[in-house]
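Engineer: Quick one: structure below, then a few questions.
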Amino acid sequence: MPAHHCDYCLKPISTLAGVKWHIAQLAACQQQWNWVLECTASAASVDDHQIGDEMDNAPGIVSDRYNESDGNDSGHDNLDIQEGPLVQQLQSYAEPEPLNPPSKRASVGDDVEDEPALANGGCFVKQYTGAAAHILGSWPTVFEDMENAENTSGGSQWAPFQNEEEWELARFLMKNVGQMKINDFLKLSLVRQSGVTWTCEMIDVVGDAVAEDGSTRWEQLELWHRDPVECVMELIGNPAFRDTMAYVPERAYADSGGKNHIYDEMWTADWWWDMQGKLPAGTTVAPVILLSDKTSLSVFSGDKKAWPIYLTIGNISKDIR
């Protein structure tokens, strides 16, 4: 990467002599050069002799040519432009400032008394003495009208939401999530209507640790549960399982003679066949399958774990359930 560049057009140049030649040949850069010289003379208050020396060394009078392609500095060693205000620090100059800029403060003589402090953000205020802005009456706001209508109709204060939890969720989404992400969120199966509601109960669980007073330690935990009968009804009535659901027992064999019995799905087992014969005609067997697995609640909760119980039914194909 070239070690030098023009401070006006930012063109990279390999040598300082090349920078001088470039400014001398390009009218736009030379014009800015001359303008900076004038600003430097005004801002620094240099004398006429110093200004003459700088102008003598300016590249505007340089006649030697410089070949930028080979980077040769021969013939330009005698060109000595002062570094700093003319090459490296030219971009630090903005618009020229006057030698003695006038003070922005008001000059007040000793014989002038201090003005009183101005109120209301720096101005004197005189109130209008005529008749204006009379209060004609008082009416409820739009939101108050909506609230009164809900109270009159006997509806929930969280309408159109079902409860306060749904309202808080909607408020969080509106304040923190964009509309497109809200639509994606509402499409998640987790937030869709699940059918069976959850119930929470507080239970006392006795542990195996002993307290300092000799008593057995216990802990109060939350037990969230759903009605298992309602869960079975939801599963067996879900149209998504229509093509993978069995309502009657079957027997499968590997041969046409019925000697090699295949036990694949639950409804191919002997016990289902036998149970069906013990029930009233038209009854459907719905085997309930329960399983549990220890699950860590969170990586930030220490040794807290839960044992959720999962429920499904044997009527659904094992590939699906």
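Values in this text are rule-based calculations from the coordinates and carry no lab data. Since the model is a prediction, treat every value here as computed from it, not as a measurement. Note that we place each Cβ from the backbone using ideal geometry, even for glycine, and neighbour counts take in every protein chain shown.
Engineer: Find the relative contact order for region 225-313 and round it to a whole percent, using C-alpha pairs within less than 8 Å whose residues are 6+ positions apart.
Structural biologist: Once divided by the residue count of region 225-313, the mean separation gives 23 percent.
Engineer: I need the calculated FRET efficiency for the pair Trp271 and Lys294, taking r as the beta carbon distance and R₀ as 30 Å, to the nearest 0.05.
Structural biologist: The formula returns an efficiency of 0.50 here.
Engineer: Same structure again: Rank-order 239-246, 23-30 by packing density, defined as the average count of other C-beta atoms within 10 Å over each peptide's residues, highest first.
Structural biologist: 23-30, 239-246
Engineer: So which of Lys187/Lys294; Lys181/Lys294; Lys187/Lys318; Lys175/Lys305; Lys259/Lys294 end up more than 31 Å apart, counting from Cα to Cα?
Structural biologist: Lys181/Lys294; Lys175/Lys305; Lys259/Lys294
Engineer: Now a separate question. Just want to confirm a number: the relative contact order over region 153-275, from Cα pairs under 8 angstrom separated by 6+ residues, in percent.
Structural biologist: Relative contact order of region 153-275: 13 percent.
Engineer: Okay, next question. Please label the shape of region 148-281 as rounded, prolate or oblate, based on the square roots a ≥ b ≥ c of the eigenvalues of the alpha-carbon gyration tensor (a/c under 1.5 means rounded; beyond that, a/b larger than b/c means prolate, else oblate).
Structural biologist: It is oblate, given that a/c is not under 1.5 and a/b is not larger than b/c.
Engineer: Given a Förster radius of 30 Å and the C-beta distance between Trp139 and Trp198 as r, what FRET efficiency does 1/(1 + (r/R0)^6) yield to the nearest 0.05?
Structural biologist: Between Trp139 and Trp198 the formula returns 0.10.
Engineer: Got a sec? Charge dipole of region 225-313, +1 on Cβ for Lys and Arg, -1 for Asp and Glu; which of Ile236, Thr295, Gly277 is way out at the positive end?
Structural biologist: Thr295
Engineer: What relative contact order, as a whole-number percentage, does region 186-237 give when Cα pairs under 8 Å and 6 or more residues apart are counted?
Structural biologist: Result for region 186-237 is 36 percent.
Engineer: Any chance you could check the Cα centroid distance between region 206-222 and region 224-276 for me, in angstrom?
Structural biologist: Value for the Cα centre distance between the two parts: 44 Å.
Engineer: Could you pull out every residue, at least 5 positions away or on a different chain, whose amide H is within less than 5 Å of the one on Ile13? Hs are placed 1.01 Å off N in the peptide plane, and Pro or chain starts have none.
Structural biologist: His4, His5, Cys6
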